[in-house]
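Enquirer: Questions regarding the structure given below will be posed in turn.
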Amino acid sequence: MREEKARRRAEIRARAQKEAEKQPLLQQVLDHNSADRNTPNIPTPAGQIEHSASPQTSSPNVSLLESAPNSAPDSPGVFVTQKEVTSDNRPLGEEEGNSAAHYDPMKDMLEDQRRAALKQGLGQVTASSYKETLTEQRTVLLPVSEKAEAAPHKKPKKEFDMFADEDDEEEEEEEEGQDEHEMDVDGDEKTTKAVAIPQGRQYHESLLDKWDDEDGYLKIIPGEILEDGRYTIVEVLGRGVFAVVVRATDSATKEQVAIKIVRKNDSMRKAGLKEIYFLKKILEDDPRNKNHIVRFKTSFDHKGHLCMVFENLKQNLRDLVKSLGGHGISLVAVKEYAKQMFIALAALKRLDIIHADLKPDNILTADDNRHIKICDLGSAADRRDNNDVTTYLVSRFYRAPEIILGMKYDFAIDIWAIGCTLFELWTGKILFQGPNNNQMLKAIMECRGKFSGKLLRKASLAGYYFNEHEQFASRELDPFGKETTRWMIFKKPTKDLKTRVQEGAKNTQNINQTELVLFADLLDKCLNINPEKRITPEEALRHPFVNPRAAAAGHGHGHGPNGPGGGGGGGGPSKYKPYAK
């Protein structure tokens with residue numbers, strides 16, 4: 001009994017210590033030092049902090065989209081993205097692809113970089129276990145009164161009492177368990193905590209020797225004021241390979257903004273400056289804010305970190321699909337999003353910009369969920385530059401085959417990535433999944449057929465994957481974990497794309513089969529394994545799924561479902577009907 005009691009006290013003591021350490025040490029040091037040095041207390045501008053416990057809820061004035069012309073196709077007054085499913089709805093089998101809602105492309109990118117350095121390893125990917133960012137916890141800042149409203153049933157934490165008897169310990173454990181449960185504001189594995197807003201402060205670099213973590217990310221201080229008192233940090237939105245992104249309030253405009261704070265690294269700073277160059281180019285080309293690319297506002301330096309300020313948007317498309325149950329979104333929503341994506345790609349192509357990292361995570365929605373914008377041009381390239389061949393460009397599941405095969409690439413890699421993204425939005429499943437480039441090629445050929453000999457002759461790495469007889473070397477792991485090579489010949493697809501699109505309509509209501517056929521045809525043209533034959537953004541905007549009116553007028557340009565000549569262009573529905581899925 002005595003040993004058990006001692007063990008329980010030790011556990012409680014450890015939890016109490018952990019609770020005491022919840023306030024970051026950096027924040028404690030800075031608050032103390034700044035008070036000693038008479039750092040001016042700059043209050044948070046009134047009305048700028050969002051009073052909500054949910055990190056995905058934005059203020060009414062967060063986006064420039066509200067005043068932007070609506071370039072989306074005609075649609076009903078209420079834009080429904082969630083599928084309307086029957087009561088017997090069941091997710092697709094695992095053989096049809098893993099859930100796209102829980103996939104983390106950044107984790108795969110890090111794994112690809114490790115492979116590139118070590119040139120070894122084949123392990124399997126479990127997409128459902130991934131998180132989108134590396135952040136372990138997001139902090140939503142709330143005023144004290146709002147904090148109380150966010151957790152009305154939360155009891156005050158007791159001070160740790162090492163002399164408490166066993167009954168008191170059990171009571172304290174119950175209360176601690178309740179507190180930990182209620183701390184999970186958004187119900188997402190305790191990844192979000194609500195805390196009171198600290199008084200806005202500007203911290204001088206001399207207050208601390210090290211402002212960055214060991215990986216070069218700026219240590220985020222809730223309530224810190226950036227850029228001469230203009231921006232106050234509200235919450236951490238996420239952390240990627242190149243930067244950490246925070247939401248902040250702008251005292252000059254009384255709006256919220258998103259600030260991308262680049263890691264302190266010479267190569268990443270160079271990439272950030274290149275991104276700013278592209279963003280300014282896009283901004284000059286789009287004064288009316290119609291091209292569905294995130295609006296860049298300004299840039300500045302903070303403690304040696306390059307910072308980029310953007311308009312604030314609501315959430316990315318992966319989070320949207322996840323919030324709606326992970327089964328995909330309605331076909332009318334896919335149609336509207338597709339048009340806006342191709343408008344953005346047409347604008348980038350006009351400016352000779354290849355995005356080179358398109359995926360649901362890099363496409364953001366406005367508050368109304370009707371408008372989207374492409375973001376994150378950190379990997380973008382100028383098409384006119386002599387871009388190096390790299391087999392790890394773009395997140396793996398959205399990587400075009402010409403990248404894997406070591407071919408010169410152009411705008412077509414963005415079209416491929418958008419095709420994969422649109423499939424995910426409809427089905428909620430990942431279209432092509434492989435744990436490495438070798439198995440990605442296998443997954444692509446299973447669905448899209450074999451590569452022609454003419455195409456393989458243009459690929460500098462074809463000999464790594466194919467022999468002289470065009471047989472594919474599938475490198476797999478046997479039941480004992482040993483790598484083996486299985487030679488394969490793909491005569492025709494074994495996982496038909498159109499069938500998989502139809503599978504996305506299982507147990508859903510009011511499916512317009514004509515539109516579904518048109519959608520499958522659009523994906524077929526986006527995912528042509530020959531990049532020279534892949535549909536262009538301009539042609540996609542004339543496709544009957546995206547623009548029934550243009551197709552009906554005979555401007556299908558050979559991309560209707562009935563083949564060349566535009567004859568298939570008139571195959572679209574006679575009347576646009578927004579059916580929810």
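Enquirer: Looking at Glu214, Glu235, Glu275, can you tell me which residue is of a type in the set (D, E, K, R) and in a loop (DSSP other than H, G, I, E, B)? Walk me through how you get there before you give the answer.
Expert: Numbers: Glu235 fails: in a loop (DSSP other than H, G, I, E, B); Glu275 fails: in a loop (DSSP other than H, G, I, E, B).
Unique residue meeting the criteria: Glu214.
Enquirer: Right, here's the next one. If we keep just the residues of the range 363-395 that are hydroxyl-bearing (Ser, Thr, Tyr) and assigned to a loop (DSSP other than H, G, I, E, B), which is surrounded by the most Cβ atoms within 10 Å (Cβ to Cβ)?
Expert: Ser395
Enquirer: Out of everything in the range 396-414 that is part of a loop (DSSP other than H, G, I, E, B) and of a type in the set (A, V, I, L, M, F, W, C), what residue ends up being surrounded by the most Cβ atoms within 10 Å (Cβ to Cβ)?
Expert: Within the range 396-414, the match that is surrounded by the most Cβ atoms within 10 Å (Cβ to Cβ) is Ala400.
For every residue, the table says whether it meets (1) buried (at least 20 other Cβ atoms within 10 Å of the Cβ); (2) within 27 Å of Ile343 (Cβ to Cβ).
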{"residue": "Lys219", "(1), (2)": "no, no"}
{"residue": "Gly229", "(1), (2)": "no, no"}
{"residue": "Ala248", "(1), (2)": "yes, no"}
{"residue": "Ala252", "(1), (2)": "no, no"}
{"residue": "Ile261", "(1), (2)": "yes, no"}
{"residue": "Val321", "(1), (2)": "yes, yes"}
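Enquirer: Right, here's the next one. Only one of (1) touching a residue at least 12 places away in the same chain (Cβ under 8 Å); (2) assigned to a loop (DSSP other than H, G, I, E, B) is not met by Asp524, so which one is it?
Expert: (2)
Enquirer: Exactly one condition in (1) touching a Lys or Arg at 6+ places or on another chain (Cβ under 9 Å); (2) of a type outside the set (Gly, Ala, Ser); (3) modelled with pLDDT of 95 or more is not met by Val389; state its number.
Expert: (3)
Enquirer: In the range 234-243, how many residues are crowded, with 24+ Cβ neighbours inside 10 Å and over 14 Å from Glu275 (Cβ atoms)?
Expert: Within the range 234-243, residues that are crowded, with 24+ Cβ neighbours inside 10 Å and over 14 Å from Glu275 (Cβ atoms) number 1.
Enquirer: Return the residues of the range 453-490 that are among the β-branched types (Val, Ile, Thr) and not in a loop (DSSP other than H, G, I, E, B); say none if nothing qualifies.
Expert: Within the range 453-490, Thr484, Thr485 meet the criteria.
Enquirer: Also: Any residue in the range 436-448 that's of a type in the set (Gly, Ala, Ser): show its pairings with residues that are not in a helix (DSSP H, G or I) at Cβ separation under 9 Å, as long as the two are six or more apart or on different chains.
Expert: Listed pairs, sorted by first residue: Ala443/Leu431; Ala443/Phe432; Ala443/Gln433; Ala443/Gly434; Ala443/Lys495.
The values are calculated or read from the model by the stated rules, or taken from the named source; none is laboratory data. Keep in mind the model is a prediction, meaning the values are calculated, not measured. Neighbour counts run over all protein chains shown; Cβ positions are idealised from the backbone, glycine included.
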